Amino acid sequence: MEQRQKATRIWQAGVDAVSGYAATLTALNDIEAPDQILAVGKAAAAMTRAALDHFGPLPALVVTKDGHGDALPDHVRVIEASHPVPDIRSLQAGRALREMVQSMGSSSHLLLLASGGASSLAEDLVPGKTLANLEQLNRKLLSEGLNISEMNAERRKLSQIKGSGLLAQFKGAKATVLAISDVPGDDLNVIGSGIGALPEPRDFQGVARIVASNKHARAAAARLAMAEGAPVLANEECLHDDLKSIAARLGPRLRNMPEGVMVFGGEPTVVLPRNPGKGGRNQALALALAREIAGIAGLTLLVGGTDGTDGPTQAAGAIVDGTIWGDGAEKALRDADSGSYLERANALFVTGPTGTNVMDLIVAIRS
Ligand SMILES: O=C(O)[C@H](O)CO
């Protein structure tokens, strides 16, 4: 129990360090007041709250995931949409964003706050494509084990607002983009499929900045571990691979880990069966790692999505140790049903929406 609490504290320190509110507030210090705020992604509400606290009650349009749009003032227009597979509200949100950008005057300054999840939450399709095409594409992409860069290259092909398409329609004087990165390499053209990417030949002044990333979260987690007296044995962004390979690679390191803490970040890919059960990539990776450490005492792993939601579930991930792997685990892994198994084992890690999204974070503790 003590190790679970320690892992949770260290993981949470990582997430707190990249909170959408704090990261945005800090970045706003040297930015002039905009005329309009647009915010898209899982951290949109937290980022908007920071901008409103800093600048006062500016007009704002927030597009975010179901259940992530709370605690905003009444004057803010909030559109909640579906994630990870878009729905009709994603199209409404995409249209609202485009219309807002197109309606801004020639001297205007737009503040665009972008975070992960935007690919699904807002879309404005190229002519000839339908919601059914969009849903079908996303289901396919999510099940094939592609990395985010490969997925978003496909998503951009269907979109009028991704890959700098949104800002290409802005005729104002200045656009400032602040982004929280949930992609490897922090590439603005990949975050939310490039919803906040600046177009190359543009007639306005454009500034874009990453305000939080996985690196910041790992650094803060490692800092807390050290402050609590635990040697930090690893701090790596190494989870960009198919989750079976990641488990096979990390397994021996974890089994042989001396006393201390290891921190890993990134986003595993997963190939889903035709009818997946309950879970997400973090729960699946946690269970695959539970197999690797089965029977080992004094070792605890917290595997969690920093946004607080792992796939289409209410859990952020799971906390596992040497006692978790047991009857039914192999089948649950095979059927992409780790969530059901981990729930029965009382191993789910639940935080609710965190107000940020910088991919996933693993904290391993050995005592
Ligand atoms: O929305 C998306 O495309 C992913 O979260 C990456 O930003």
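Karplus-based coupling profile of region 239-253, in residue order and whole Hz: 9, 9, 6, 5, 5, 5, 5, 4, 4, 5, 6, 7, x, x, 5, with θ = phi - 60° in 6.51 cos²θ - 1.76 cosθ + 1.60 and x standing for Gly or Pro. Taking the Cα centre of region 44-130 as origin and assigning +1 to Lys and Arg Cβ atoms and -1 to Asp and Glu Cβ atoms, the resulting dipole is close to 180 debye.
If you place +1 on the Cβ of every Lys and Arg, -1 on the Cβ of every Asp and Glu, and leave all else neutral, what size is the dipole of the chain about its Cα centre, to the nearest 20 Debye?
The dipole magnitude comes to about 380 debye.
Average projection, convex hull of the Cα set of region 111-234: 9.7 square nanometres.
Peptide packing: for 19-25, 252-258, the average count of neighbouring Cβ atoms within 10 Å per residue gives the ranking 19-25, 252-258, highest mean first.
The alpha-carbon atoms of region 19-212, seen along their principal axes, cover 43, 35, 31 angstrom, with the largest extent given first. Spread over its residues, the convex hull of the C-alpha atoms of region 206-362 is 125 Å³ per residue. Sequence-ordered 3J(HN,Hα) estimates for region 16-21 from the Karplus curve with 6.51, -1.76 and 1.60 and θ = phi - 60° stand at 4, 5, 10, 4, x, 5 Hz, glycine and proline given as x. Largest GNM mean-square fluctuation across Gly145, Gly128, Gly277, computed for the chain with C-alpha springs under 10 Å, falls on Gly128.
When Rg is the radius of gyration of the Cα atoms in region 169-219 and Rh is its Kirkwood radius, what does Rg/Rh come to? Walk me through the numbers before you get to the answer.
Working: Rg = 12.2 Å, Rh = 11.8 Å.
Rg divided by Rh gives 1.03.
Taking all protein chains as present, what is the carbon and sulfur share of the accessible area of region 19-212, in % to the nearest whole number, probe 1.4 Å? Numbers along the way, then the final one.
Working: 3600 of 7490 Å².
In region 19-212, the share of accessible area belonging to carbon and sulfur is 48 percent.
From the alpha carbon centroid of region 92-131 to that of region 1-78 is 19 Å.
Each Lys and Arg contributes +1 and each Asp and Glu -1, all at the Cβ; summed about the Cα centre of region 299-367, the dipole is approximately 140 debye. Along the axis of the charge dipole computed for the chain (Cβ charges of +1 for Lys and Arg, -1 for Asp and Glu, origin at the Cα centre), the listed residues Val261, Ala23, Gly355 are led at the positive end by Val261. Candidate cross-link partners of Lys215 among the lysines, defined by an alpha-carbon separation under 20 Å and a same-chain spacing of 8 or more, comprise Lys42.
Distances between every pair of Cα atoms in the chain, grouped in 20 Å steps from 0 to the bin holding the largest one, split as 32, 54, 14, 0 percent. Note on region 1-77: Kirkwood hydrodynamic radius from all Cα pairs is 13.7 Å, rounded to one decimal. Looking at region 19-212 alone, DSSP beta bridges between its own residues are antiparallel in about 5 percent of cases.
Take the alpha-carbon positions of region 91-145, form their convex hull, and give its projected area averaged over all directions (one quarter of the hull surface) in nm². Intermediate values should be presented prior to the final figure.
Details: hull surface 19.9 nm².
Spelled out: convex hull of the Cα atoms, projected over all directions, averaged, 5.0 nm².
For the pair region 240-286 and region 297-358, the centres of their Cα atoms are 11 angstrom apart. Taking amide H as placed 1.01 Å from N in the peptide plane, the amide H of Thr323 sits under 5 Å from that of Gly295, each at least 5 places away or on another chain.
The values are calculated or read from the model by the stated rules, or taken from the named source; none is laboratory data. Keep in mind it's a predicted model, so treat the numbers as computed, not measured. Because the Cβ atoms are built from the backbone with ideal geometry, glycine has one as well, and the counts that use them run over all protein chains shown. Only protein heavy atoms, including side chains, enter the accessible area calculation; ligands, DNA and RNA are left aside. Shrake-Rupley method; radii C 1.70, N 1.55, O 1.52, S 1.80 Å.
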